[in-house]
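The values are calculated or read from the model by the stated rules, or taken from the named source; none is laboratory data. As the structure is a prediction and not an experimental result, all values here were calculated from the model. Positions of Cβ are backbone-derived with ideal geometry, glycine not excepted, and every protein chain shown enters the neighbour counts. Please note that ligands, DNA and RNA were not included when accessible areas were found on the heavy atoms of the full protein model with its side chains. Shrake-Rupley method; radii C 1.70, N 1.55, O 1.52, S 1.80 Å.
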Amino acid sequence: FQFMPSTKFTPASRRLDAMATQNVTTWKMAYNIGGLGSTRQPVLGCILVISTLAVLTWIRAATAATMTMNPVAGKQKSPEVAKAVNPFGHQQPPDMYLDQVRMGFDRDRVTRFLSEPARTADVAFRAWEIFEEIYPVWQVWSDETLSEEARGDLLRKALGKLGPVFTKIGQTLAERPDLLPKAVCEELRKLQTSNAPFPDEEAYETILQDLGHPGPLSPGGFSLRADAAVEKPLFQDFGARVASASLGQVYRAKTWEGQDVAVKVQRSGVAKQVVLDWQCIKMALQLTNAVLKNADDISLIADEAIRGIMEELDYHKEAKNALLFLERHRNQPWITAPVFLPEYTGPEGTARVLTMNWVQGRRVGQIEDKQQQLALVNMAVEACVSQLVCTGFVHVDPHEGNILLTDDGRIAFLDFGLMGHVPPSVMEGFAAGIQYTLAGDYLRLAEVMQDVDFIPKEGFQRVQGNALDPGTYEFIPTTKEDFASALDDIMSEQEGGKSQFGAFFVGLLKMSSSFRLKTPPYIILFVRTFLTLEGIAAQYDPMFNIYEVGLPFAMKRALSPTTASARKAFRDNFLTEANRLKWATMRDLLEQDDEGESLSIDCGNDASSEANAPSPGHTEAAFQTPLQVDGQDCVVSFGETGSSGSSNLADTLKSLLGAPEGRTVRRILADVDLPAFARSFATSEGKVLRHKLSDVLTPALLATPRSLKQAVGQSFGARPKALEPEVPDWQTRSLAVQRKQQLSWRRALRPILGQQSRRIRAQPLTIAFLGLAATRILMRSSISLALMPLHALLRKVRRTVE
């Protein structure tokens, strides 16, 4: 059968094309089923084709007859309700699948809906469509005569044809060059911004209908009525399509107020694909459960994945998510997002058009400068880690098409349809997991995995027998020490096991053959987030360590527990029952803070101001000062902080002291026995803390003479500094946030100092112990300062020899 495309685009011609396509699908499926008969029995094949065609035709007729049925109660709707008429008189048949999506995901309700005979036929057709697209790719995948580009092209086209669910799978795989060949990933990356588009005229019609506008789309542009020219156009200018995504496509336009906007238009029929794909994936996972005799229902993973995609179809929810995202990141001005325009967005509950302000920026693949690429990658990872362990509101679709480096140096997130909410207990668990992974403490990491539901409620269990052979294995209890030892061995053998989240996840998959593990339903979206981010980062920095980037945020979360049990555990971890400090905990905390922080001296070309100029998103020294060594300019650097706000322990404590979530830290500082602390601080117990303070003091002492010289020079008419370049608005707001935090922590510190000063007056010897500790810190700093030129000279000699 061959159907010629309509020469003029009209709603009627589109319906005819849809009917033609539907008939072709029916014949095609009937022929394939009939073809299952032996080629030696042509009569049997013909009978199968005709009988199958008759059954499918009857099912299609039953489907059409039930189009006006209520999807919930199954009762006939009144003609007034069934006849949905838009403002221009075009009759819109009710979309029962879209009704299911708009009512929100409910496993039982959707299952009942799909169990109707007409829906069962739809599921069968969809399963066959998936098989028809995937099976040929599976067959040619092992064909060595095909290039990687050709295989990637076949896979991309197959996933693209199957709709949004499979497109999102392809988008995630595109960022995993460790799982697929690089050429295949490059092909799949096209799914992020260039999916197969639907006709522009269909999008234009949807915009005018959804916004209820009787006039043309733009001056001289598309219109629905012949007399539309007398009405004012909807937009001042409406440009060409700029992106085609899995759920819709985006156009750039300009409002009559002169604002550039992005207009997002939803694909028609996408709700049906999403609901049917959920059923197909759920059935496949249930079949896997039955074959492997799993005790845990892994089909719940499909629920979480499809629930998120269904939420993406609610454009008003996406707009609210973007506003909430900005609110949660108000203290991180380097993160931004577009804001929606309600007057250019469809009605709540049924919107098919979403309009947001245009964000000017570049994707990481469009950036030529390597430092700027790394800047964007670092900011993206830092932002998502902070979402996971601090804000609890996670963007779970951060592929390259959804993150931009704006012209003023910020990171902009796009597309807020798919977001994840993290409970406080899970945030605390992930924060602790990051710290224990970096420290290599797998025993405590095993405890955290149990807390966040990776371990079943029955406790740690080993698999006895072959886990892949149903009916031949059983679970036997084991100890967490046994599990931790096996986890340590797996992660040590796994390349990148202690630096890459993907390697950790692969390690867990390997362990599932020896230990009973659960897959919490919520984890599927977060795994997708960090696998995607890590894949992007690995392309631009092979040595990228996602745990090190996330450590400052994990530390902040660890210092600000929110649940009552977590606050008690945190307090017990730092203070004894007599309110004396546990120095072992303090040493562990300071050793973690020392990761990536050191005192260094650079001489020669690498000490120039240009070479050491900080770049956005790159780590930069927290403190720098010049030093003359043998007549040569050197730069002394101490510490590292992320440009986007990552900080060391002191900065983390400062930000928490004045914040509501810092109440546990404030309570500990107020309750700690300061006289006992002073005695320990002056002895060997406080050695680690004294050395830490000494390292901080050394560069400050080095910079003091230079600072005084500059101040005196400016006072006596030295040449004024050059005018500083104009600071972007977000940096001004960032400085304002820092000043506000500084004021808050100073205000919070006053009552604590007042309470501790009363204790000091009650035990005067406390001052003597504090003085002794201060003297030892100053002596160590002075020695380090005196030896610094010698260290620089030795480094220069070493470089000359090399």
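State which residue is farthest from VAL672 (Cα to Cα) when the search covers only the range 735-752 and only residues that are modelled with pLDDT of 85 or more and surrounded by 11 or more Cβ atoms within 10 Å (Cβ to Cβ).
Among those that are modelled with pLDDT of 85 or more and surrounded by 11 or more Cβ atoms within 10 Å (Cβ to Cβ), it is PRO751.
Go through the range 775-802 and report how many residues are of a type in the set (Gly, Ala, Ser) and over 45 Å from the mean Cα position of the chain (by Cα).
2
Counting only residues that are in a loop (DSSP other than H, G, I, E, B) and over 28 Å from PRO675 (Cβ atoms), which one in the range 551-569 is modelled with the highest pLDDT?
Ranking the qualifying residues of the range 551-569, first place goes to THR562.
Do we find a residue being open to solvent by 60 Å² or more (accessible area, probe 1.4 Å), among the charged types (D, E, K, R), modelled with pLDDT under 75 and over 15 Å from LEU438 (Cβ atoms) anywhere in the range 497-511?
no
Could you check the range 570-591 and list, in sequence order, the residues that are assigned to a loop (DSSP other than H, G, I, E, B) and open to solvent by less than 70 Å² (accessible area, probe 1.4 Å)?
THR576, ALA578, ASN579, listed by residue number.
Name the pairs: first residue in the range 396-422 and within 24 Å of PRO520 (Cβ to Cβ), second residue open to solvent by 10 Å² or more (accessible area, probe 1.4 Å) and among the acidic types (Asp, Glu), Cβ to Cβ under 8 Å, at least 6 apart or on different chains?
ASP397/ASP415; GLY417/GLU311; GLY417/ASP314; LEU418/GLU311; MET419/GLU311
For the range 235-248, does any single residue satisfy the condition of being more than 16 Å from MET356 (Cβ to Cβ), open to solvent by less than 20 Å² (accessible area, probe 1.4 Å), in contact with a Phe, Trp or Tyr (Cβ under 9 Å, 6 or more places away or on another chain) and in contact (Cβ under 8 Å) with a residue 60 or more places away in the chain?
yes
Here's the yes/no breakdown for (1) out of contact with any strand residue (DSSP E or B) (no Cβ under 8 Å at 6 or more places or on another chain); (2) farther than 30 Å from ARG362 by Cα; (3) not in a loop (DSSP other than H, G, I, E, B):
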| site | (1), (2), (3) |
| --- | --- |
| ALA412 | no, no, yes |
| GLY417 | yes, no, no |
| VAL426 | yes, yes, yes |
| PHE430 | yes, yes, yes |
| LEU438 | yes, yes, yes |
| GLU447 | yes, yes, yes |
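I'm told LYS232 meets every condition in (1) at pLDDT below 80; (2) of a type in the set (D, E, K, R); (3) part of a loop (DSSP other than H, G, I, E, B) except one. Can you identify the failing condition by its number?
Exception for LYS232: condition (1).
Can GLU148 be described as out of contact with any Lys or Arg (no Cβ under 9 Å at 6 or more places or on another chain), more than 24 Å from VAL270 (Cβ to Cβ) and open to solvent by 60 Å² or more (accessible area, probe 1.4 Å)?
Answer is no for this residue.
Do any residues in the range 347-376 that are over 27 Å from ASP210 (Cβ atoms) have Cβ atoms under 6 Å from those of residues that are of a type in the set (Val, Ile, Thr) and buried (at least 17 other Cβ atoms within 10 Å of the Cβ), where the two are at least six apart or on different chains, and which pairs are they?
GLY361/THR406; GLN373/VAL364; GLN373/ILE367; LEU376/VAL364
Suppose the filter is surrounded by fewer than 20 Cβ atoms within 10 Å (Cβ to Cβ), over 12 Å from LEU533 (Cβ atoms), among the small types (Gly, Ala, Ser) and under 12 Å from the mean Cα position of the chain (by Cα); does GLY392 pass it?
Considered against the rule, which asks whether it is surrounded by fewer than 20 Cβ atoms within 10 Å (Cβ to Cβ), over 12 Å from LEU533 (Cβ atoms), among the small types (Gly, Ala, Ser) and under 12 Å from the mean Cα position of the chain (by Cα), GLY392 comes out as yes.
Could you grab me the full set of residues in the range 771-802 that are among the charged types (D, E, K, R) and surrounded by 12 or more Cβ atoms within 10 Å (Cβ to Cβ)?
ARG776, ARG780, ARG795, LYS796 - these are the residues of the range 771-802 that are among the charged types (D, E, K, R) and surrounded by 12 or more Cβ atoms within 10 Å (Cβ to Cβ).
Restricting the range 300-355 to residues that are at pLDDT 90 or above and of a type in the set (Asp, Glu), which is nearest to GLY248 (Cα to Cα)?
GLU318
Can you confirm whether LEU224 is touching a residue at least 40 places away in the same chain (Cβ under 8 Å) and part of a loop (DSSP other than H, G, I, E, B)?
Yes: the conditions hold for LEU224.
Can you name the residue in the range 182-217 that is under 30 Å from ALA538 (Cα atoms) and surrounded by 19 or more Cβ atoms within 10 Å (Cβ to Cβ) and, of all such residues, is nearest to the chain's Cα centre (by Cα)?
The extreme case among them is GLN192.
Has the range 158-171 got at least one residue that is touching a residue at least 12 places away in the same chain (Cβ under 8 Å), surrounded by 15 or more Cβ atoms within 10 Å (Cβ to Cβ) and more than 28 Å from the chain's Cα centre (by Cα)?
For the range 158-171, residues touching a residue at least 12 places away in the same chain (Cβ under 8 Å), surrounded by 15 or more Cβ atoms within 10 Å (Cβ to Cβ) and more than 28 Å from the chain's Cα centre (by Cα): absent.
Could you check how many residues of the range 92-134 are of a type in the set (Gly, Ala, Ser), free of Cβ contacts under 8 Å to residues at least 60 places away in the same chain and under 30 Å from ASP210 (Cα atoms)?
1
For GLY220, only one of the following conditions fails: (1) over 29 Å from the mean Cα position of the chain (by Cα); (2) of a type outside the set (D, E, K, R); (3) surrounded by 16 or more Cβ atoms within 10 Å (Cβ to Cβ). What is its number?
Here GLY220 meets the rest and fails (3).
Residues of the range 474-512 being among the hydroxyl-bearing types (Ser, Thr, Tyr) and either part of a helix (DSSP H, G or I) or over 24 Å from GLU534 (Cβ atoms) (or both), which ones?
THR478, THR479, SER485, SER492
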